[in-house]
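Report on the structure given below.
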Amino acid sequence: MSDPSVQQQQARPAVPVLHEERLDEVLGAAPERGRGRYRPRRVGMVWRSKVFRAGAVIVALVLCGLVILALVREQTGPQGFLVGLGLAVLPVPLLMAAFRWLDRVEPGPWRNLIFSFAWGACAAALVAIIANSFATRWIATATADQASADTLGATVIAPVVEESAKAAAVLLIFLFRRREFSGVVDGVVVAGFTATGFAFTENILYLGNAFGEDQLSGSSGFASVTAGTFFVRIVMSPFAHPLFTVLTGLGFGFAAVSARRHRARRIALPLLGLLLAMGLHALWNGSSSFGPYGFYAVYGIVMVPAFGLVTWLAIWSRQRELRALAAELPVYAAAGWLTPAEPSALSSMRARGMARDLARHWQPDRTRGRAAARAVAEYESFATSLAGLRRRARHGAVGPDFGARERELLHHLWQRREVAAPALTHAALLTARPGTHHGHPLPPPYGSGTGTGYGYGYGYGYGYGYPNGYGYPNGYGYGYGTGPGPGPTPGYGQTHDRTPGFRPTPGHGPTPGYAPGAYPPPQPYGGAPHSHRRPPS
């Protein structure tokens, strides 16, 4: 079924086609469930191998980590290093959890986040410590003024070197993991993980040196240098480095959603974000030179409002992703790839979490429950990617592989829909009426009662109606209507099965569920019939 708007507006992407002659072609090449995307097999030179490139990156980061570990330990001493390590690790889980929470709508792969953190903690920190030390010594030698060299190094050299080193991780993921870097939230999360890793290593150095000073002076308690450094860097400003680098990530994120024809904008936005990060970093480092209260003035007037603004922008971008699901997915529901209730469920974080819980509790054992919940989570992630892809296509921000990527995502949805579609449909029902589910146990997928609803099925198209009106399948297809009476009420399940040996078969039962004119006739699906066990209550 084709979208008629495609004929009216050529720039809009085409709606998936499910014609009979192409159904086997579309569905036959579906990858295995465990594979996240298609990867053509490459032959040739060894450095083109994915394993080789991944191994080279890991080895390089490990070497950088060993070198930076030796340098920090040399400057702080063994005891100072251990104290700094123990104190510096405290804010890391909180920051990582905050950025991961922001990325819940379309979670990025952990390999990108681990690479970002490792780059910040190892590679960027090593570049910064070497470059800053070299530049400060060179300025001190040229000017014969160590104090001025330290001030210039902190306010000019350090912001430029450190932000450039951290921005390299965002740039690498933007270039080489472009499919997984699709918007503003991705830029914020990647930049945040990179800066968290950098701040972790830097805090080890500062706290370790502070502990060494306290050992020499005999200070201890709240009056010690270690306590003061901990309060400033860990308690008051753990978000400082993430805030700087997130500005760079915002620039890359806005570039990712910009139209491909605006090449100048796609280059200028990341550069603008990097310049803003350097400027804010320089202002923060130079705040102590503004007088005895300069630090607190910059913290209250600049840093806190900037942090609030960036946080609001990141949350707004996340809500925009949810709105894109409600706006873009109905066209796939009209084409038959999704059920009518799924777009609203996928655009609600509450419904998405509820669907995972339902899939988990409907299974007979814990192992199957975890697998079902994971399948629903993957389904939600692929659906979010599909909506984002279509939204970017409307703005001209996709390449010539749009069609292949769209079909690929539809394949992954198709493979998981047997588990995910019932859970999401039921979650849409429960969240449609506020307070229906709160404080009560999860209802069973089958039940008795009177209600208006629909069932859907394929194979023989037998759909069950439940108390609140929604149906759970023996398959796929759609049926609508009212079903009174105790026990499962079959809904109308007209199907058109393409598998040899099966023919269009109406649903069975006393109450037909189709209400003419209420919904457009669904597109048929093919495939062998499935039998669904009745989950326990």
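The length gained on full extension between residue 290 and residue 371, counted as 0.36 nm times the residue separation minus their Cα-Cα distance, comes to 23.4 nm. Charge tally around residue 324: other residues with Cβ under 9 Å, Lys/Arg +1 each, Asp/Glu -1 each, net +2.
Arranged from highest to lowest average of other beta-carbon atoms within 10 Å per residue, in what order do the peptides 251-262, 378-389 appear?
Answer by packing, highest mean first, reads 378-389, 251-262.
For the stretch 221-230, 3J(HN,Hα) computed residue by residue from phi via the Karplus equation (6.51, -1.76, 1.60; θ = phi - 60°) reads x, 5, 8, 7, 5, 4, 5, x, 5, 4 Hz, glycine and proline entered as x. An oblate overall shape is assigned to the stretch 223-354, the ratio a/c of its alpha-carbon gyration tensor axes (a ≥ b ≥ c) being 1.5 or greater and a/b not exceeding b/c. Computing the accessible area with a 1.4 Å probe over protein heavy atoms, can you report the carbon and sulfur percentage for the stretch 120-181? C and S atoms contribute 72 percent here. Hey, with R₀ at 22 Å, roughly what FRET efficiency would residue 350 and residue 326 work out to, going by the Cβ-Cβ distance, to 0.05? Efficiency, rounded to the nearest 0.05: 0.95. Once the chain from residue 313 to residue 97 is taken as fully extended at 0.36 nm per residue, the excess over their C-alpha distance is 76.0 nm. For a modelled paramagnetic label at residue 142, 7 Å from Cα along Cα-to-Cβ, no residue of the stretch 243-281 is in reach, as no backbone nitrogen comes under 16 Å. Other residues lying with their Cβ under 13 Å from the Cβ of residue 277 contribute a combined charge of -1, Lys and Arg counting +1, Asp and Glu -1.
Using only alpha-carbon positions in the stretch 114-257, the gyration tensor eigenvalues give semi-axes of 31, 20, 12 Å once each is multiplied by 5 and square-rooted (largest first). Annotation: Cα Rg of the stretch 186-253 relative to the compact-globule expectation 2.2 N^0.38 Å equals 1.37. Which listed residue (313, 300, 257) has the Cα farthest towards the positive end of the charge dipole for the stretch 251-354, taking +1 on Lys and Arg C-beta and -1 on Asp and Glu C-beta about the Cα centre? Selected residue: 257. Placing dummy labels 7 Å off each Cα toward the beta-carbon, the span from residue 178 to residue 74 is 4.2 nm. Placing pseudo-labels 7 Å out from each Cα toward the beta carbon at residue 264 and residue 304 gives an inter-label distance of 4.1 nm.
The values are calculated or read from the model by the stated rules, or taken from the named source; none is laboratory data. All values reported here derive from a predicted model rather than from experimental measurement. Note that we place each Cβ from the backbone using ideal geometry, even for glycine, and neighbour counts take in every protein chain shown. With ligands, DNA and RNA removed, areas are computed over all heavy atoms of the protein, side chains included. Shrake-Rupley method; radii C 1.70, N 1.55, O 1.52, S 1.80 Å.
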